[in-house]
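Contents: one structure, followed by commentary.
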Amino acid sequence: MYLQNWQSLLEQHAQDAVIVLIEGTIVHANPLGVKLLRAKNLNEISGMRWNTFLIFKQANQVKTHLQSGSSLLPNAIAELCQLQTRDGALLDVEVRLHSFAVQRQTAYVLRLRDLQTQPMVKTFQVPLQSVNAGLPRNGLNHEALHHEKEILEMIALDNPLTQILQDVCDRMERLLDNGSICAIMLYDNDTEKLKLAAAPSMEAEFLNEIDHLEIGLGSWSCGVAIQTGNIKIVEDITASELWYKNKQTPTRYGFQSCWSVPIKTAFNTLLGTVDIYHRSHRHPSDDEQTLIMDAMHVIALAIDKKNMEQSLATSEDRYRSVVNNLTEGIMVIAPGGKILTCNPSARRILKIVDIESMGRRHRYFKRIFREDGSEIKIGEDPASMVLRNGEPITSLCLGLELVDQTIVWLLVNAQPINSSRNSNKTEAVLISFADTTEVRETERQLQYIATHDALTGLPNRHQLHQRLEYALSHADEQKVAVIFLDLDHFKNVNDTAGHAAGDGLLCDVAKRLSSCIRATDMLARLGGDEFVIVVEEFATAQHLKELADRILIKMSEPFVIEQHQYHLGTSIGISVFPHDGTDGPTLLRCADSAMYLAKELGRNNYQFFTSDLMIRAQHRYTLERNLRRALIDDEFILYYQPKVSLVDGSILGAEALIRWQMPDIGIVAPNEFIPFAEEIGLIVPIGRWVLTKACEQAQLWRQTYKVDFKISVNISPRQFQDPKLPQFILEVLMQSGLPAHALQLEITEGLLMVEAEHLSSVFDAIKTLGISISLDDFGTGFSSLSYLQRFPIDNLKIDRSFIREIPENQDSVVLTKAIIAMSSALGMSVTAEGVENLEQMEFLKEAGCDEIQGFYFSRPISADNFSALLRQHSIAKL
């Protein structure tokens with residue numbers, strides 16, 4: 001209970017044995033005090049009376065005060081006596097007595113020095129006077145204690161260190177009263193030299209000589225004292241080896257002797273030296289030793305205190321700099337909400353202009369709320385909670401509406417600041433917070449991007465699946481429907497007006513569809529021209545029919561883009577939970593199947609999913625899986641149908657036709673899988689395989705039979721739109737060795753309806769390679785003479801539908817002759833496909849047709865059979 005009162009004294013005199021008495025008995029002792037009495041621990045000596053271990057040969061002030069035990073000392077007093085240890089040994093000691101009041105009692109602090117082992121006595125090597133020979137002069141002791149008290153007061157009052165050290169020198173010179181001149185040197189860690197700190201009585205010229213002295217032997221007494229950590233007494237400077245380098249300097253100013261005492265802290269850290277110069281040969285007396293050592297301790301205390309203050313100030317500056325430069329806000333709040341302090345980041349985040357004008361925390365914001373939007377009342381806020389409970393709060397996310405109505409989001413930590421007198425009492429709260437407003441906004445934007453379509457702003461596929469999952473998990477007896485929508489002929493808009501126009505149209509579609517649904521429904525865009533509506537809370541299928549009809553009517557209105565009108569139909573498929581499926585993917589798949597049925601039934605209508613469509617969907621799934629496997633397992637083969645010249649009957653080339661040799665089934669015709677391959681995007685890798693194999697085979701025949709043989713390969717519209725097609729063709733030609741003029745690409749009329757600019761670049765690249773282009777099935781599609789003018793077509797293939805009725809059908813005869821004549825006029829060759837009899841061949845030959853292809857000459861046959869055909873007919877004539 002008494003420790004706090006004398007703690008400062010114990011720390012101040014840590015180098016001495018210290019014993020604390022109350023009512024004449026020991027209540028505390030430092031480790032040196034316990035050791036001096038030769039006890040094992042404090043418990044062994046607690047309760048011992050002073051007269052059981054202190055022996056005074058005669059009456060003196062210390063004994064008188066200890067006997068009275070009630071009077072406070074105005075100053076410390078010192079005497080010599082003997083101390084009896086626990087084992088009965090007698091030690092000669094110096095005892096200094098201090099006193100202070102403790103709970104209406106007088107406490108005495110004994111500072112004890114063992115004169116047998118005290119470093120001062122041992123180092124000075126001065127014979128110890130007998131205790132019975134007499135005591136030191138009390139007058140000098142009292143005056144020294146008086147000066148020590150005044151110096152300690154200067155230290156306590158934070159007087160400048162230079163002033164304190166100058167004052168110590170003045171007082172020492174007056175106390176010694178022997179013509180001594182005092183100097184204090186401080187060790188500079190940076191330069192590793194001694195710097196002059198105080199020497200008020202020194203001549204100015206001598207001061208310049210002793211500043212920045214080297215450390216070591218031969219460099220003044222102080223240099224050796226600081227190097228060894230021991231006191232150095234030099235009675236004759238001229239005869240001392242300690243001064244052999246610099247003895248002329250002090251003697252020039254009349255100094256004959258020098259006493260240098262190292263200044264040490266309680267932890268034996270060397271701070272500098274106290275140097276006493278004399279103009280005669282002198283050795284210090286006992287009193288002078290004590291005086292100098294006491295002065296050294298006071299100097300060490302002053303320097304240590306200043307160093308600690310400087311270190312603390314530096315630490316505080318560093319801490320303040322760190323706090324002020326933190327991006328996090330720091331705030332200290334007192335009970336009642338008063339803001340005690342806050343850093344610049346806190347003022348910036350909370351837009352606090354002046355803490356004093358704000359006063360309390362609730363004046364810089366209007367309200368606090370949680371992430372769910374619920375408001376937090378004053379008293380339930382983090383600061384109030386910590387002040388009330390004393391428990392820290394960490395990682396709490398809060399929103400604040402500031403006085404200017406802006407919203408900031410903070411991640412808050414609140415720590416209690418407890419009283420130093422009562423650790424259970426919270427005096428204030430330290431609030432640290434990070435501004436997460438921008439992070440939250442970024443997260444919100446990323447979340448929006450992740451869940452919404454970038455073009456239309458509608459929910460995307462990811463959010464659609466989440467909504468479906470949620471709706472189905474809460475469906476119970478309620479029905480949920482999925483409506484799958486696909487725009488009819490939307491591709492024509494992109495091809496004719498460009499993709500920017502197509503994007504604008506999709507945005508208009510999103511607005512129209514949104515106007516057709518309820519607030520409880522969800523409209524999402526899957527991608528491309530596909531949209532999905534999730535419908536909840538409907539009673540019967542009639543509601544879905546009415547919604548589908550409303551959509552068809554709304555979508556039938558023309559779309560106006562860049563002053564052009566576009567008419568689009570919408571194919572709609574509908575599936576219903578739980579009849580058609582119990583999970584989102586199944587319902588989407590069923591609605592998709594119903595939508596494809598709507599397209600097959602003429603487009604621009606809606607269809608509900610049925611069990612027949614399930615079988616159809618399973619078939620499509622199986623077909624897709626098998627097609628992908630066929631590509632990997634090399635199940636495709638090529639058949640070849642010859643093209644025969646009507647001039648000399650020779651085989652001019654062949655058309656490569658793909659077949660699927662399906663395991664356990666046999667040969668599958670292309671019309672059974674090519675349209676589906678187009679639909680699911682497999683036509684591009686299949687087309688590349690066909691082109692590669694056909695070119696390799698054609699080159700083999702050219703080399704084997706020495707014929708100018710041309711191979712024709714069908715290219716789908718999707719393949720033709722691949723910007724890498726020309727480069728791929730070039731690579732195939734180089735790898736196979738087939739000349740470019742020996743390759744002909746067959747395209748359909750539907751391809752020519754896409755964007756002309758894109759087509760022109762692909763056509764130009766192909767024509768640059770030297771490859772010819774044939775327009776297949778001419779006359780059956782959107783035949784336009786403008787196509788023949790705009791695109792570099794080399795050959796026209798008359799569709800078999802015209803040839804089939806020749807020569808019986810006069811219209812077919814006239815149209816065929818017209819096509820042949822037109823082609824001849826445009827410089828194009830003509831191929832008639834589907835020739836099955838002699839009459840058709842003779843008519844075409846007479847009409848000027850260049851070549852024929854059909855069953856009359858040969859069906860499509862395998863590569864081996866075609867090789868045999870080439871051997872038989874390489875020179876044959878019809």
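The values are calculated or read from the model by the stated rules, or taken from the named source; none is laboratory data. Given the structure is predicted, the values throughout are model-derived calculations rather than measurements. Cβ atoms come from the backbone with ideal geometry, glycine included; neighbour counts cover every protein chain shown. To get the accessible areas, we keep the full protein, side chains included, count just its heavy atoms, and leave off ligands, DNA and RNA. Shrake-Rupley method; radii C 1.70, N 1.55, O 1.52, S 1.80 Å.
Numbers for the structure displayed
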{"item": "CD proxy at 222 nm, helix term only [per DSSP H run n ≥ 4: -39500 (n - 2.57); per residue of the chain; nearest 500]", "result": "-13000 deg cm²/dmol"}
{"item": "Packing-based ranking, highest mean first, of 513-520, 741-748 given that Cβ atoms within 10 Å are counted", "result": "741-748, 513-520"}
{"item": "Solvent-accessible area per residue for segment 162-253 (1.4 angstrom probe, square angstrom)", "result": "46 Å²"}
{"item": "Rounded to whole Å, sorted largest first: equivalent-ellipsoid semi-axes of segment 386-428, Cα gyration tensor", "result": "28, 11, 6"}
{"item": "Cβ-Cβ FRET estimate between Leu90 and Asp158, R0 fixed at 45 Å, reported to 0.05", "result": "0.55"}
{"item": "Stretch gain in nm, segment Lys305-Asn671, where the contour uses 0.36 nm per residue and the Cα spacing is subtracted", "result": "121.7 nm"}
{"item": "Accessible surface of the chain, 1.4 Å probe, proportion on carbon and sulfur as whole %", "result": "50 percent"}
{"item": "Linear extension gain, His474 paired with His462, 0.36 nm per residue minus alpha-carbon span", "result": "2.4 nm"}
{"item": "Extreme residue, positive dipole direction of the chain, given options Val323, Ala497, Gly750 (C-beta unit charges)", "result": "Val323"}
{"item": "Cut-off under 5 Å, modelled amide H: who pairs with Gly649 long-range", "result": "Leu878"}
{"item": "Qualifying trypsin sites (Lys or Arg not before Pro) for segment 287-339 [loop in DSSP, other Cβ within 10 Å: at most 12]", "result": "none"}
{"item": "Distance-filtered residues of segment 686-701 - backbone nitrogen under 18 Å, label point 7 angstrom along Leu730 Cα→Cβ", "result": "692"}
{"item": "Straight-distance crosslink candidates among lysines, where the alpha carbon sits under 30 Å from Lys724 and sequence neighbours closer than 8 are dropped", "result": "Lys491, Lys643, Lys693, Lys710, Lys767, Lys797"}
{"item": "Pair Glu441, Gln116: separation of 7 Å Cα→Cβ label points (nm)", "result": "8.2 nm"}
{"item": "Amide hydrogen neighbours beyond the local backbone of Leu568, cut-off 5 Å, H modeled", "result": "Phe559"}
{"item": "Relative packing of 434-447, 210-223, 235-248, which averages over residues the other C-beta atoms within 10 Å, highest first", "result": "210-223, 235-248, 434-447"}
{"item": "Computed FRET value (nearest 0.05) for Val814 with Asp664, which takes r as the C-beta separation and R₀ as 41 Å", "result": "0.25"}
{"item": "Three-way shape call for segment 442-535 based on the alpha-carbon gyration tensor, with the a/c threshold at 1.5", "result": "oblate"}
{"item": "Segment 381-478: relative contact order in percent, alpha carbon pairs under 8 Å with at least 6 residues between", "result": "18 percent"}
{"item": "Simple Cβ-charge dipole of segment 434-549, Lys/Arg +1 and Asp/Glu -1, about Cα centre, in debye nearest 20", "result": "80 debye"}
{"item": "Segment 580-726 - accessible surface per residue (Å², probe 1.4 Å)", "result": "46 Å²"}
{"item": "Approximate shape of segment 258-386 as ellipsoid semi-axes (Cα gyration tensor, √5λ), whole Å, largest first", "result": "59, 14, 12"}
{"item": "Thr341 long-range amide H proximity, modeled H, under 5 Å", "result": "Val332"}
{"item": "Unit charges at the beta carbon, dipole of the chain: most positive-side option, Met662, Pro262, Gln447", "result": "Pro262"}
{"item": "Estimated dipole of the chain in Debye, rounded to 20 [Cβ of Lys and Arg +1, of Asp and Glu -1, Cα centre]", "result": "2680 debye"}
{"item": "Sparse-neighbourhood loop sites, chymotrypsin sites (Phe, Trp or Tyr not before Pro) in segment 253-361 - DSSP loop, at most 13 other Cβ within 10 angstrom", "result": "Phe267"}
{"item": "Positive-end residue, the chain charge dipole about Cα centroid, Cβ charges, pick of Ser611, Ser419, Tyr596", "result": "Ser419"}
{"item": "Label corresponding to log10 I(q)/I(0) by the Debye sum over Cα atoms at q = 0.05, 0.07, 0.10 Å⁻¹ when calculated from the structure given, among (i) -0.63, -0.77, -1.20; (ii) -0.32, -0.60, -1.04; (iii) -0.82, -0.99, -1.19", "result": "(i)"}
{"item": "Rounded tilt (10° steps) of 499-516 against the dominant C-alpha axis of the chain", "result": "80 degrees"}
{"item": "FRET efficiency, Lys491 to Cys397 (Cβ-Cβ, R0 51 Å, nearest 0.05)", "result": "0.60"}
{"item": "Segment 270-358 - accessible surface per residue (Å², probe 1.4 Å)", "result": "48 Å²"}
{"item": "Residue-span extension gain [Asp503 to Ser761] - 0.36 nm each, minus C-alpha spacing", "result": "90.6 nm"}
{"item": "Inter-probe distance in nm under a simple model that places probes 7 Å from Cα toward Cβ, at Asp634 and Asn424", "result": "8.8 nm"}
{"item": "Simple Cβ-charge dipole of segment 660-706, Lys/Arg +1 and Asp/Glu -1, about Cα centre, in debye nearest 20", "result": "440 debye"}
